Amino acid sequence: MTRRLFGALGATGLAALVLATLLPTGWVPRTGLGWGKEHFLMYFATTTILCIASRRPFVVAVSLIVCSVFLEALQGLTPDRFPDFIAALAGMAGVISAATLVMLWNSANASFPCTMDGTVKTLDGGFKVVDANGNLSPMSTATPIRAMLKSLRP
């Protein structure tokens with residue numbers, strides 16, 4: 001459910017990027033931070049949301065980098081805008097920064113051995129339960145975790 005929600009938010013962010021890029025300048029709300037920071041922040045936010053929603057953040061990052069360059073090139077077709085290479089680089093920097101952070105977060109979560117219910121993943125794929133003294137006791141994967149935790153309580 002959360003992946004769908006993040007996917008919908010990411011699609012909304014991408015649509016906002018396209019509209020902000022191709023609409024006339026007077027129609028686009030500005031933050032006052034300057035166009036470079038606005039490009040960076042918008043691409044950073046959109047990439048973060050889409051990378052969380054996707055199982056392949058690298059593919060999302062490459063796609064959004066291509067999208068950044070393509071949208072800047074399309075600005076040459078609008079009457080009141082012109083393509084700017086520095087703006088495309090600001091968008092790329094936002095994409096690369098966000099994708100790197102999400103990939104680092106994902107790898108840190110994957111390598112962290114503890115789960116929320118008091119079990120610890122072992123290298124062989126099994127589980128061990130942490131008792132009240134902090135000792136690890138073996139547990140078969142067929143044993144329900146809640147029953148095992150109840151047996152450890154005094």
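Here, each number is a calculation from the coordinates, and none is a lab measurement. Just so it is clear, the structure is predicted and the values come from calculations on it, not from any experiment. Heads up, the Cβs are rebuilt from the backbone with ideal geometry, glycines too, and the neighbour counts pull from every protein chain shown.
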> With a ≥ b ≥ c the root eigenvalues of the C-alpha gyration tensor of segment 28-79, is it rounded (a/c under 1.5), prolate (a/b larger than b/c) or oblate?
Replying inline: oblate
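For segment 2-111, give the magnitude of the charge dipole about the Cα centre (Cβ charges: +1 Lys/Arg, -1 Asp/Glu; no others), in debye to the nearest 20.
About 420 debye.
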>> Along the Cα→Cβ direction, 7 angstrom out, place labels at Leu74 and Trp27. What is the inter-label distance in nm?
In response: 1.3
> In terms of modelled amide H atoms, which long-range or inter-chain residues lie less than 5 Å from the amide H of Val28?
Replying inline: none
>> Can you give the local net charge around Ala20? Use residues other than it whose beta-carbon is closer than 13 angstrom to its beta-carbon, Lys and Arg +1, Asp and Glu -1.
In response: 0
> Taking square-rooted eigenvalues a ≥ b ≥ c of the alpha carbon gyration tensor, is segment 2-111 rounded, prolate or oblate, where a/c under 1.5 means rounded and, failing that, a/b exceeding b/c means prolate?
Replying inline: prolate
